[in-house]
Amino acid sequence: TTDGSGYISETDYTQLRRLRLKDGDGKLTDEHLPTLDEVLDLIEGKAGLLLEIKHSRHSRPGIEQACVGCIRRHGAEDHVVIQSFDDEVLEEVHRLAPEIRLEKLLFFAATGLGFEFDGGFSSFDFGKYDHVASFNIHYLAATRSFVEKAHAHGKEVKVWTLDKYDAGLVELVDGVITNDPGLFISTPRTWNI
């Protein structure tokens, strides 16, 4: 997506700011990677933002506090959602800012018996996630059984990364994470962020 290469986690802020974004055709633009402050300035509450905190909090100490501080500076608590695979990240954000909506990303693996989440996530684990509003799972792992269990525990289910419209799946879940929002804008549903 930029004129750079490598891992963001191995690149400092000064280097990242020098990178330029590519457009949909792969041509270089004059745009740079925005900071969270710049994104929140740009959307000014006109759109919801799903912010994913990647990797373990141990790789970027203080990332949760930095994100929460930025969200609060912009008064964006009601239109920013934080998601992560990392339970410790979600727990820390909840401790710092219980008013910010949290969503748990679940890993999945295909097994001979279906899909297995996070090394054996089961219905017994729902209580562990009282601070989480939604479970976000890979679209191939979205089964009616899992969605019904989540709903029975008061949780939403969203699927990622669905880039092809699937009416049956869209009707089953509470939301879609996609690279192509145009596929879903014309659907007669009201989506939650």
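The values are calculated or read from the model by the stated rules, or taken from the named source; none is laboratory data. This structure is a prediction, so every number in the text was calculated from the model and none was measured. Note: ideal-geometry Cβ built from the backbone for every residue, glycine included; neighbour counts use all protein chains shown. Side chains are part of the model used for accessible areas, which takes the heavy atoms of the whole protein and leaves out ligands, DNA and RNA. Shrake-Rupley method; radii C 1.70, N 1.55, O 1.52, S 1.80 Å.
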### Query
Out of (1) modelled with pLDDT of 95 or more; (2) aliphatic (A, V, I, L, M); (3) touching a His at 6+ places or on another chain (Cβ under 8 Å); (4) within 26 Å of V176 (Cα to Cα), the odd one out for V68 is which?
(3)
## Note on the structure
Restricting segment 109-152 to residues that are open to solvent by less than 50 Å² (accessible area, probe 1.4 Å) and of a type in the set (S, T, N, Q), the one modelled with the lowest pLDDT turns out to be S123
### Task
Give the residues of segment 93-108 that are more than 19 Å from H74 (Cβ to Cβ), surrounded by fewer than 20 Cβ atoms within 10 Å (Cβ to Cβ) and at pLDDT 95 or above, sorted by residue number.
H94, R95
### Task
Return a yes/no flag: does segment 157-168 have any residue that is modelled with pLDDT of 95 or more and of a type in the set (D, E, K, R).
yes
### Query
Of the residues that sit in segment 25-50 and are part of a loop (DSSP other than H, G, I, E, B) and charged (D, E, K, R), which one is farthest from the chain's Cα centre (by Cα)?
K27
### Number of positions in segment 5-53 that are over 27 Å from Q65 (Cβ atoms) and either open to solvent by 80 Å² or more (accessible area, probe 1.4 Å) or touching a Leu at 6+ places or on another chain (Cβ under 6 Å) (or both)
10
### Positions within segment 82-92 being within 13 Å of the chain's Cα centre (by Cα) and surrounded by fewer than 18 Cβ atoms within 10 Å (Cβ to Cβ), in sequence order
F85
#### Entry: Candidates L162, L169, filtered to the one that is of a type outside the set (S, T, Y), over 15 Å from A133 (Cα atoms) and in a helix (DSSP H, G or I)
L169
### Task
Spot the failing condition for R73; the list is (1) closer than 30 Å to D130 by Cβ; (2) at pLDDT below 95; (3) open to solvent by 70 Å² or more (accessible area, probe 1.4 Å), and only one is missed.
(2)
